[in-house]
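The values are calculated or read from the model by the stated rules, or taken from the named source; none is laboratory data. Computed from a predicted structure; not experimentally measured. When we count neighbours, we look across all protein chains shown, and the Cβ atoms used for this are built from the backbone with ideal geometry, even at glycine. Just the protein is used for accessible areas: all its heavy atoms, side chains included, with ligands, DNA and RNA removed. Shrake-Rupley method; radii C 1.70, N 1.55, O 1.52, S 1.80 Å.
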Amino acid sequence: MSTNLSVPSVTADYAQRVADDLSEIRGEQERVRSELDRLRDELVSLEESEQVLTKMQDVLGGAPKQTAKQAKSRKTAAVPAARHSNAKTTAGKSGAAGGRKAAKKPASAKRPGEATWLDLTTAYLGGQGEPKSAAEVSDALTEAHPERAVQVPVVRNALEQGVAQGRLERTKQGRSVFYSPVPAAPAPSDS
């Protein structure tokens with residue numbers, strides 16, 4: 001009779017283990033899905049920044065030869081059809097249409113003696129007590145510098161440049177990204 005009692009107990013134990021494993025796998029799937037969504041959002045943001053910078057590069061004096069190679073490598077990447085066709089139409093516009101856009105752009109371009117976006121974002125974050133998002137930094141720069149056309153993708157690019165140079169730190173909270181200045185390293189003591 002003890003055998004009959006242990007069979008339901010073993011079955012219940014296995015059923016509980018399977019339920020626990022299934023719950024763990026579903027939780028892991030949800031974590032991976034949210035990470036995938038975050039990465040997709042980040043990719044879209046980077047693509048938008050690339051488009052803005054490419055347009056700025058065209059306005060400021062044309063694209064170097066490397067850009068053609070990069071464009072070829074982009075064709076092989078999995079890019080949504082709308083973005084891919086948009087990139088082709090931007091590159092294929094006539095000079096007259098590009099000329100109208102070029103006439104508007106120089107007003108927002110950096111004039112000699114003006115601080116770069118990287119300098120402005122680093123200086124702003126240096127005076128803050130807590131990390132700020134790219135949108136918050138952009139809003140603050142719009143108020144502080146009304147004469148300059150502030151765009152969130154340009155500010156985000158400057159912030160990422162600051163991270164790459166080690167001047168700023170990036171922290172992520174869920175789907176949000178925040179930036180703060182790198183804390184000053186303590187001076188080495190002469191022992």
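Before moving on, here are some points about what is shown:
- Residue match in the stretch 70-90 (condition: closer than 21 Å to LEU43 by Cα, modelled with pLDDT of 85 or more and either among the basic types (Lys, Arg) or open to solvent by 70 Å² or more (accessible area, probe 1.4 Å) (or both)): no
- Candidate set from the stretch 41-60 (those that are modelled with pLDDT of 90 or more and among the acidic types (Asp, Glu)); member that is farthest from TRP117 (Cα to Cα): ASP41
- Residue within the stretch 96-105 that is modelled with pLDDT under 55 and within 30 Å of LEU168 (Cα to Cα) present: yes
- Count of the stretch 122-140 residues which are over 20 Å from GLU42 (Cα atoms) and either touching a helix residue (DSSP H, G or I) at 6+ places or on another chain (Cβ under 8 Å) or not in a helix (DSSP H, G or I) (or both): 8
- Considering residues of the stretch 150-159 that are assigned to a helix (DSSP H, G or I) and without any contact (Cβ under 8 Å) to a residue 60 or more places away in the chain only, the residue most open to solvent (accessible area, probe 1.4 Å): VAL152
- From the list GLU114, GLU147, GLU143, the one residue that fits, being at pLDDT 85 or above and either surrounded by 12 or more Cβ atoms within 10 Å (Cβ to Cβ) or not in a helix (DSSP H, G or I) (or both), is GLU147.
- Members of the stretch 160-170 that are outside any helix (DSSP H, G or I) and open to solvent by less than 50 Å² (accessible area, probe 1.4 Å): GLY166, LEU168
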